[in-house]
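Have a look at the structure below before the remarks.
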Amino acid sequence: MKIIVAYDIGNTVKREKFARFLMRHGLERIQRSLFIGRGSGQVIKDITRYAEKNIDQGRDCVHVFILNDNEYLQAKIIGTPWNRGEEIVQVAVII
C-alpha cells in the first residue's frame, strides 16, 4: 500500500523533525510538506503516534492517506514537484 502524508506544522523545529521522521520510515518528499511511500499498517501507526505526541493539535494538522496499489495506479500525473535538486518524483493527483 502507498501512504501519503501531508502536514501543516507551524513550529520549524517540530516540522523539520517530523520530515526527518517520515524519511527514516521510507517516505520521500514530493512537495515541501507532502511525502509518499510504501508502508505497512505498523508504519501508519508509527506516523500517527509520532504526530499525536509531537504536534500542537490546536494549531497544526497532519493528514495520512492510505491507497492500495490499484488506487495509486489510477492517479493522474501533473507537473514536476519541488525537489531541491534531488531525483525527480512525479506528483500524483487523485481524481
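The values are calculated or read from the model by the stated rules, or taken from the named source; none is laboratory data. Source: prediction; values computed, not measured. Virtual Cβ from ideal backbone geometry, glycine too; neighbours counted across all protein chains shown.
Quick notes
- Of all residues in the stretch 1-54 being under 29 Å from Gln74 (Cβ atoms) and of a type in the set (S, T, N, Q), the one that is nearest to the chain's Cα centre (by Cα): Ser33
- Applying the criterion of at least 1 residues that are touching a residue at least 60 places away in the same chain (Cβ under 8 Å) and polar (S, T, N, Q) to the helices (runs of 4 or more DSSP H) found wholly in the stretch 1-81 leaves an empty list.
- Members of the stretch 1-55 found to be among the basic types (Lys, Arg) and over 17 Å from Glu71 (Cβ atoms), listed by number: Lys14, Arg15, Lys17, Arg20, Arg24, Arg29, Arg32, Lys45, Arg49, Lys53
- Candidates in the stretch 36-64 are the residues that are over 17 Å from Gly10 (Cα atoms) and among the hydrophobic types (A, V, I, L, M, F, W, C); of these, the one that is surrounded by the most Cβ atoms within 10 Å (Cβ to Cβ) is Ile36.
- Entry remark, the stretch 1-15: residues being farther than 17 Å from Cys61 by Cβ and loosely packed, with under 14 Cβ neighbours inside 10 Å number 1 in total.
- Tally, over the stretch 5-31, of residues that are touching a Phe, Trp or Tyr at 6+ places or on another chain (Cβ under 6 Å) and at pLDDT below 95: 2
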